[in-house]
Amino acid sequence: MLEGKNNWKAWLYLAPALILLGIFSFYPIINSFIIAFIRDYHPVSEVFRQNVENNQALGLSFFTFKNFITVFKNANFEYAIKNTLLIALVSVPISVILALVISVLLISIKKLRGFFQTLFFLPYVTSAMAVAMAFTVLFANNGTASAGISQGPINSVIDSIGLKNGLTNMLDWMNYQESGKESWQAYICVDSSGEIDEDKLSDKYQTYVNLQTLLDLPIEYGDMYAYQTYLADQTDVYNSYRYHFRELGYIDWVGAQATWGSAILVVLTYSIWASLAFKILVFTGGLTSIDKQYYDAAKIDGTSKWRTFWRITVPMMSPLIVYILITSLIGAFKVYTSIVGLFGSGMGPAGSAGLMQTFVGLVYQYLNEGNELIHVGAAAAVILFTIILIITALTNALTKKRVHY
Amino acid sequence: MEITLVGLCKYFVAKDKTVTKAVDNMNLTVPSGKLIALLGPSGCGKSTTLYMIAGLHTPTHGQIFFGDDDVTQVPPEKRGIGLVFQNYALYPHLSVRQNISFPLENERMPKDEINKTVLEMAKLVDIEPYLDRKPNELSGGQQQRVAIARALAKRPKVLLLDEPLSNLDARLRLQTREEIRRIQRETGITTIFVTHDQEEAMSISDEIVVMRQGVIQEIDKPQNVYDNPINLFVAMFLGTPQINVFSGTLHKNKVYIGGNFREKEVVDENNVKSIEYNYEGGNEFYLTDIAIPEGKKAPDKPEKIFVAIRPEGFNAEKLAGNENSEIKQSKEEATKGIIKAKVDLVETIGRDTTLIIEDPTAPKKFFKAIVSADKKIEAGDIVELSVKPHKMYVFNKEGDLI
């Protein structure tokens, strides 16, 4: 029936959707690919057209890779790549595994199941901004320990279970890995006014020695005072490292003294928690559709819970798991709102803007800088597209053998 | 391994506190090495019983013994049973080989021993060529055999089959049930087998347990259950086509189908009043000389009863005449239990013929008679039917055999 002369009817019915998709999806996608390769594109003043006309004699001289180079040279490009990849490749697998475990547990309880299901689903219907604001309160740091000001719930909990020093050490280690800044500086003690507290220095020295040993770095015996004097002379250097000079105190997760390590931990926690809701929803749906007889059969055969999970539940859920994995990866690569929610449009803790920059953040940054840089934004979007394409293809290839449709 | 069920009960309590007695006070002994069928309509508790024996359901009351051991509280994996599910429950992502070795891997059996057992099982159920296929690449019958192989792989002492043939088409069903019988004979394993198909149950089991609403109705060899149904339910459940049921009256050792009794007060010479019952019959047939079991008093009053006659319980003779001839039945003929009737429809299956005849005592109600195809009876013929006494059963209003 659809073939032959009646074909126009089909097109007629499809027209509204096709027109809208064409205007708002297909055209912008194709256009941004074109713009990304155009020199000095200007959509309003039509500089582009003038350029084309002026360069007619030169053929394709308006074609350029310059936009991509501009993106690569962005001061925060490295952070954008690092943060985006980390959020996608760490938070997604963790949240998929967590969601699967929670779903299996949810399915196995009878009482309060509805209550917990609602609880886990709440993040899905809550505004990302609201969640981010709640997180900034949770992770608040209201000053140094000696100041005696009440801390955010996370810091209070960390303190009460005695993890404060351990976590601070870990964050400093992460920071060292990330920036190469010498970690031991964190253990030179300053009071709240920024003066070096010489009384506390001696026992901190031991911490320094321990840390250097742990990191397999040379210990500069007796050099503490010399180094400190050196820093004091070099005011600029001192200031640039300023925020690392602090007491072994509460961790400033998202505030002005936050390091890359602490900030990324908060972002990862946020990403994992916020994305759990949808995954749990899909997984519990998938789990309930598995025939109970498979579990009865496994039970009769004396299959352990662990083996039942790995040999029956996971393979049976594998199409769903891969579906969730790929859509979540794509979603995670587009991370932006959560960073804005946690840190504001500066894309980083106050004083270190851009520390939490992401790829989509980069695209927005170019778009926000007015019409002059739209083509650079487009180039950044094309790079992001390419990365997502590669990662998705890789995921598909890696999981193909393990998926049982 | 002998299985004994003692006072087994399973009650389900719904949200509104109504109690459903899925299985009620069930007592049963399954002799070692036998194949027993639990037979009954859906919802009669046969699968629930099976799952209780398997350990997947916990009984509300009662005990289950395997041999002398009380296994009521023993978890399923420690009971040494193999269970075959209605839809096989083969793991779709595992090959046939992996499916069969799955229970063995749980027992941490050495690899080469697993391979040996898998091959042996595959040979037993005749699926060797398909070991490396996935279940969805096999036919229903092959899947069923894989499921049996998986159940037998860990050498259980008891094999439980839950409606094992209901997902197969007719031809495969015949084939597979013979296969199940063969495997059971070869392994000598005590087997309990749940089905709602009486033909299936009759054809392969040593004994049949007929269940209804959670209660056992009759336990006996298939032929005995068929020949001596204990009540109307059992009589109606076994046999295809279904047994013909007529409502009738029992009076003074005589069975009447159709007709009425009229009460009449009589006064004898001593002025003693008594009631007499007089039969008013028309074209109805009645059958005489039904023996009342000893100890049971023949009722003085006519008692409403059900008369059940197996379709093969009729002798049929074709009479001269055609569709338009009128049927004349004399009172003597009716007295002897001879019915003259017109054949409405004929179903032929080759070996014999099913006659569908309108019940002369109840218009628009039809009964079936199976006669030899040699009689060449066709629709519209007038036949004379007489009843074979041993194919006729009389039940009281409650459906119990008189």
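Any read-out appearing in this document is the output of simple, stated calculations on the displayed coordinates, not a laboratory observation. Values in this document were obtained by computation on a predicted structure and should not be read as measured data. Counting neighbours? That spans all protein chains shown, and the Cβs are built from the backbone with ideal geometry, glycine included.
For region B:3-237, with only Lys/Arg (+1) and Asp/Glu (-1) charged at the beta-carbon, what is the dipole magnitude about the Cα centre, in debye rounded to 20?
Dipole of region B:3-237, to the nearest 20 debye: 440 debye.
Mind running the shape call on region B:81-140? Use the C-alpha gyration tensor, a ≥ b ≥ c as the square roots of the eigenvalues: rounded below 1.5 for a/c, prolate if a/b tops b/c, oblate otherwise.
Prolate, because a/c is 1.5 or more and a/b exceeds b/c.
Sequence gap at least 6, Cα distance under 8 Å: using those rules, report the relative contact order of region B:308-392 to the nearest whole percent.
Contact order relative to length: 46 percent.
Using modelled amide H (1.01 Å from N, peptide plane; none on Pro or chain starts), what sits under 5 Å from the amide H of B:Glu218, excluding residues fewer than 5 places away?
Those lying under 5 Å, H to H, from B:Glu218 are B:Val210.
For chain B, what is the charge dipole size about the Cα centre, in debye to the nearest 20, if Lys and Arg each add +1 at the Cβ and Asp and Glu each add -1 at the Cβ?
Numbers: 53 positive and 58 negative charges, 171 e Å.
The calculation lands at about 820 debye.
Distance between the C-alpha centers of region B:182-255 and region B:18-50? Whole Å please.
After rounding, the separation between the Cα centres reads 14 Å.
Could you give the angle, 0 to 90 degrees to the nearest 10, between helix B:140-153's Cα long axis and the longest principal axis of the Cα atoms of chain B?
Between the helix axis and the principal axis of chain B, the angle is about 60 degrees.
Applying a 10 Å radius around every beta-carbon, put B:368-377, B:45-54 in order of their mean neighbour count, most first.
B:45-54, B:368-377
Angle between the Cα long axis of helix B:170-187 and the longest principal axis of chain B, 0 to 90 degrees, nearest 10?
60
For chain B, with a Gaussian network of springs between Cα atoms less than 10 Å apart, report the residue from B:Val23, B:Val383, B:Val234 with the top mean-square fluctuation.
Of B:Val23, B:Val383, B:Val234, the Gaussian network model singles out B:Val383 as fluctuating most.
Calculate the mean, over all residues of peptide A:298-308, of how many other protein chain Cβ atoms lie within 10 angstrom of the residue's Cβ.
Counting Cβ atoms of other protein chains within 10 Å of each residue's Cβ and averaging gives 6.
Please report the equivalent ellipsoid semi-axes of chain B, computed as sqrt(5 x eigenvalue) of the Cα gyration tensor, largest first, in whole Å.
Result for chain B: semi-axes of 51, 28, 15 Å.
Does region A:239-394 come out rounded, prolate or oblate, given a ≥ b ≥ c as the square roots of the eigenvalues of its C-alpha gyration tensor, rounded meaning a/c under 1.5 and, failing that, prolate meaning a/b above b/c?
oblate
For chain B, what does the helix formula give at 222 nm: sum of -39500 (n - 2.57) over DSSP H segments with n ≥ 4, over the residue count, nearest 500 deg cm²/dmol?
Numbers: 9 runs with 91 residues, N = 402.
The per-residue figure over chain B is -6500 deg cm²/dmol.
Using alpha-carbon pairs under 8 Å, 6+ residues apart, how would you state the relative contact order of chain B in percent?
14
Hey, in the GNM for chain B with a 10 angstrom Cα cutoff, which one of B:Glu105, B:Glu265, B:Glu333 fluctuates hardest?
Taking springs between Cα atoms under 10 Å, the residue moving most is B:Glu265.
Can you pull the mean other chain C-beta count within 10 Å for peptide B:99-105?
Across B:99-105, the average partner-chain Cβ count within 10 Å equals 3.
I'd like the distance between the alpha-carbon centres of region B:365-387 and region A:346-392, rounded to an integer number of Å.
Centre-to-centre distance over Cα atoms comes out at 90 Å.
Would you mind giving the mean number of other chain beta-carbons within 10 Å of the Cβ of each residue in A:314-320, as a whole number?
Going residue by residue through A:314-320 and averaging, the value is 1.
Treating only the Cβ atoms of Lys and Arg (+1) and Asp and Glu (-1) as charged, compute the dipole magnitude of region B:337-379 about its Cα centre; round to the nearest 20 debye. List each step's numbers first, then the result.
On the way: 8 positive and 7 negative charges, 20 e Å.
For region B:337-379, the charge dipole is close to 100 debye.
Round to the nearest 0.05 the FRET efficiency obtained for A:Trp273 and B:Asp197 when R0 = 56 Å and r is the Cβ-Cβ distance. Spell out each step's value before the answer.
Numbers: r = 54 Å, r/R0 = 0.97.
E between A:Trp273 and B:Asp197, to the nearest 0.05, is 0.55.
Among A:305-315, B:186-196, A:108-118, what's the highest-first ranking by average C-beta atoms within 10 angstrom per residue?
The most tightly packed comes first, giving B:186-196, A:305-315, A:108-118.
Averaging sequence separations of C-alpha pairs under 8 Å and six or more residues apart, then dividing by the length of region B:49-184, give the relative contact order as a whole percent.
After rounding, I find 32 percent.
Name the residue from B:Ser101, B:Phe237, B:Ser32 whose Cα lies farthest towards the positive end of the charge dipole of region B:3-237, charges +1 on Cβ of Lys and Arg and -1 on Cβ of Asp and Glu.
The residue sitting most towards the positive pole is B:Ser101.
Which distance in nm do the two modelled labels at A:Val90 and B:Asn253 give, with both placed 7 Å along the Cα-to-Cβ direction?
Output for this residue pair reads 9.9 nm.
Could you order peptides B:172-183, A:287-298 by the average number of other Cβ atoms within 10 Å of their residues, highest first?
On the way: B:172-183: 17.8, A:287-298: 16.2.
Descending mean neighbour count gives B:172-183, A:287-298.
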